[in-house]
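Let me begin by presenting the structure, written as structure tokens, before commenting on it.
Values in this text are rule-based calculations from the coordinates and carry no lab data. Note that the structure is predicted; figures quoted are calculated from it, not measured. Cβ placement follows ideal geometry from the backbone for every residue including glycine, while neighbour counts extend to all protein chains displayed.
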Amino acid sequence: MEKIIDLSPVARPVGRESAPWSRIQLKTRVAVAFASVVPAILGLTVLLLTGIDFMAMLFAVFLPIQVIAAALVGVLVYGRRGVLEGLLVVVTIFCASFIVVLLGSVLWSVIANGSQALSWQFIGQNNYYIKPNTSLEYGGVGHAIIGSLLIVGTSTLVTVPMGLATAVYLTETQGKTKGLIRTLLQAMSGLPSVVSGLFIYAAFIASGITTYAGWTGSLALIPLMLPTVARVSEEALRLVPQELRNGALALGAPAWRAFMLVTLPAARSGMVTAVLLGIARVIGETAPLVLTTFAADRTNLNLFGGAMASLPTYLFGFISMGFDESIQRAWGAALVIMILVAILFTTARLASRTRTTARK
Amino acid sequence: MTVNVERPIAVRRKLAAKPFSRADRLFFGVAKAAAFSAIVIVLLILAFLLSRSASTFAEQGIIDFIFGSTWDASLSPIKMQLWPMLWGSILISLIGTVLAVPMAISIAYFIEFMAPKRVAKVATLVVDLMAAIPSIVLGLWGAFVFTDVAAGWSKQLNALFGFIPIFENNSDNFLRSPFIAGLVVTVMIVPIIASITREIFSQMDRDIINASLALGGNRESTLRKVILPTAGGGVVGGILLGLGRALGETVAILYVLNLVFDTNWYQILESKGGSIASMIISKFGEAGPEEVGGLMAAGVVLFVFTLIINALASYIVAKAQPWRK
């Protein structure tokens, strides 16, 4: 009988055998489970029995026990060096969950308090004739939503072409100053928003060119929005394979047609993400709008005529009034802003998802 | 040795789109103009703020304006000096950054190296979403939800560690202190630092981490000896970007801090502090023309200060990612 010889190189193990390090001993699993549960139970028991403050319990009872438990597990698994390993795991998870709890509290309080103010009439009506202590059945943020959309929409119209052209310069050309521009854009992303507002105030309002108006607000948002749009669209253009560009150029297309007809369509969904993230960056900006558009209590559709309300300035105005009703309105406006941001983010996610599936 | 002149050594040509028509020249010109508009915007900001604040700098004196500590618009001649606010901004940003760094690195480490893939994906989305919470919403939360809780923490800190000078508090008022403002800033900048750190971690060469693990290193020694030394530059840059954001924070601090023109050097639990950005927005409403000039001057100081820190930060981040060239 003929013997079959396997000529392929050493066969790689398949399945569970292929990653021996992913098999964890039962002893380790049990120890980890114990170390995760026992300190929590002890802490809760102390909390219920003695009734001490939660933070005191956390730091005086739970954390020490948890650290000791994790160190013991570390010793069990790795030997003496395992002490620090256990410590690292505890510190990492503790720090991460601490900040997640704080951020969760922000979201929860906005949703819980804001939903009490939210109604169709709150979204639709404007604020004319509304005093700080008027009951919530009257008036709303309708005029502020319209104002926000107009102001942010105008800045988007200006910023997106600028950001896209900047991204073109950063990805499609051999300019020598690319590094400088990129560094400057990143530095601009940390521009204090109040400075941007002061800039437009100094340039147009203090010099008497105009009074408070919607378009000055749009201008004040541009320096804040530009870095985000430029950076994200740069990433999007970078993801387009070089072969596509070369192919277009080799067929004789001039650079601008190659970009418009090949590169840009290929990066379309990334561009959508860039626009949406840029809008999300500025939709909640307060300080520049307080300095440039001021506040108004009725609907103003004219960007060039008179003060214009927006969601952040509405929120800003009602926080400081100090009545229960006005604070309720502030929470409602906060919830509306957060809903807008969430919608923008989800859309951006969906847009970038179609990009990855299309590439497969 | 002879060189064959007719067949020079083939050099691998680099394909590049060079402008070879008028339309192309226009296309690249527009791109270049847009790119340089970033520089123009920064210069314009500086120019307009300086033009409005030149008289203030001249009347108050630059050194006195920055390092003096009286701001009184009712005096005549008006006296405007910035130091308590400038120091307050620095103090709050330092508190915020010191608290934010371990949390942000923990989150980034957890997402990249500890969490299962699905959890990591959700966590990344959550961190990005958190970075988009508008600061005024954080201010609202800080003013009506968080202040009381944080004042309770401050009281316990003071009771336990009151003998250490920085936790001293001689009044009984723990509200509106730099500590609370610092915590609000922490909540704001953790997502920023975490997302940059996570990005740097995710671009690390997996082979050197696996090599460290294969040589018998555990998570702790891998983090300390391999990950942090390799990714350190980028992480530091991310931290500086967070610091820059904290320095410029305006409305989130406004509602949780008692702005007082009396330098609070280190007593972070006392109910007095300062912040340039918040001071500008709070004084702007009722400022006369002369005081507006002072606020513009304060804006110049803030702008130059943050620009330096941010430029330094982005330089470091860029250096830490040489593959981005």
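Data overview
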item	result
Reachable aspartates and glutamates, given that their alpha-carbon falls under 19 Å from the alpha-carbon of B:Lys155 and they are not under 8 places away in the same chain	A:Asp53, B:Glu168, B:Asp172, B:Glu270
Along chain B, longest interval not containing exposed GluC sites (Glu not before Pro), exposed being DSSP loop plus at most 12 other Cβ atoms within 10 Å	B:7-285
Of B:Lys225/B:Lys319; A:Lys176/B:Lys117; A:Lys27/B:Lys117; B:Lys272/B:Lys319; B:Lys121/B:Lys225, pairs whose Cα-Cα distance is over 31 Å	A:Lys176/B:Lys117; B:Lys272/B:Lys319
GNM flexibility winner over chain B from B:Val292, B:Val126, B:Val184 (Cα, springs under 10 Å)	B:Val126
Farthest toward positive dipole pole in the protein assembly as shown [+1 Lys/Arg, -1 Asp/Glu at C-beta], among A:Gly270, B:Ile45, A:Pro39	A:Gly270
Most positive-pole-ward Cα, B:Pro134, B:Thr250, B:Thr56, against dipole of chain B from beta carbon charges	B:Pro134
Chain A: DSSP helices with Cα axial extent of at least 30 Å and average Kyte-Doolittle hydropathy no lower than -0.5	A:26-50, A:82-117, A:142-172, A:214-238, A:324-359
Loop trypsin sites (Lys or Arg not before Pro), the stretch A:116-194 (other Cβ atoms within 10 Å of the site Cβ: 10 or fewer; DSSP)	A:Lys176
GNM top mover of A:Met57, A:Met271, A:Met260 - chain A, alpha-carbon springs below 10 Å	A:Met57
For B:Lys79, residues with placed amide H under 5 Å, excluding near neighbours	B:Asp72
Gyration tensor verdict on the stretch B:40-141 (Cα atoms; rounded if a/c is under 1.5, prolate if a/b is larger than b/c, oblate otherwise)	prolate
Whole-number percent relative contact order across chain B, with pairs defined as alpha carbons under 8 Å at least 6 apart	26 percent
Segment B:Phe144-B:Leu43, extension gain: residue separation times 0.36 nm, minus the distance between their alpha carbons	32.4 nm
At most 15 other Cβ within 10 Å, DSSP loop - chymotrypsin sites (Phe, Trp or Tyr not before Pro), the stretch A:279-333	A:Phe304, A:Phe323
Within-9-Å neighbourhood charge of B:Asn169 [Cβ basis; K, R +1; D, E -1]	-2
Neighbourhood charge, 13 Å Cβ-Cβ cut-off, centred on A:Leu221 and excluding it, Lys, Arg +1 and Asp, Glu -1	0
Rounded FRET efficiency, nearest 0.05, which uses the C-beta distance separating A:Asp324 from A:Lys176 and R0 of 60 Å	0.50
Average partner coverage of B:126-133, which counts Cβ from other chains inside 10 Å	6
Separation in nanometres of the label points that stand 7 Å from Cα toward Cβ, at B:Val304 and A:Leu49	6.3 nm
Principal axis box of the stretch B:83-324, alpha-carbon based, largest edge first, Å	65, 42, 31
Highest-fluctuation residue, A:Arg231, A:Arg81, A:Arg329 considered, GNM on chain A with Cα pairs under 10 Å	A:Arg81
Förster radius 25 Å - calculated FRET efficiency between B:Ser55 and B:Val260 (Cβ-Cβ, nearest 0.05)	0.40
Global form of the protein assembly as shown, assessed from the alpha-carbon gyration tensor, a/c cut-off 1.5	oblate
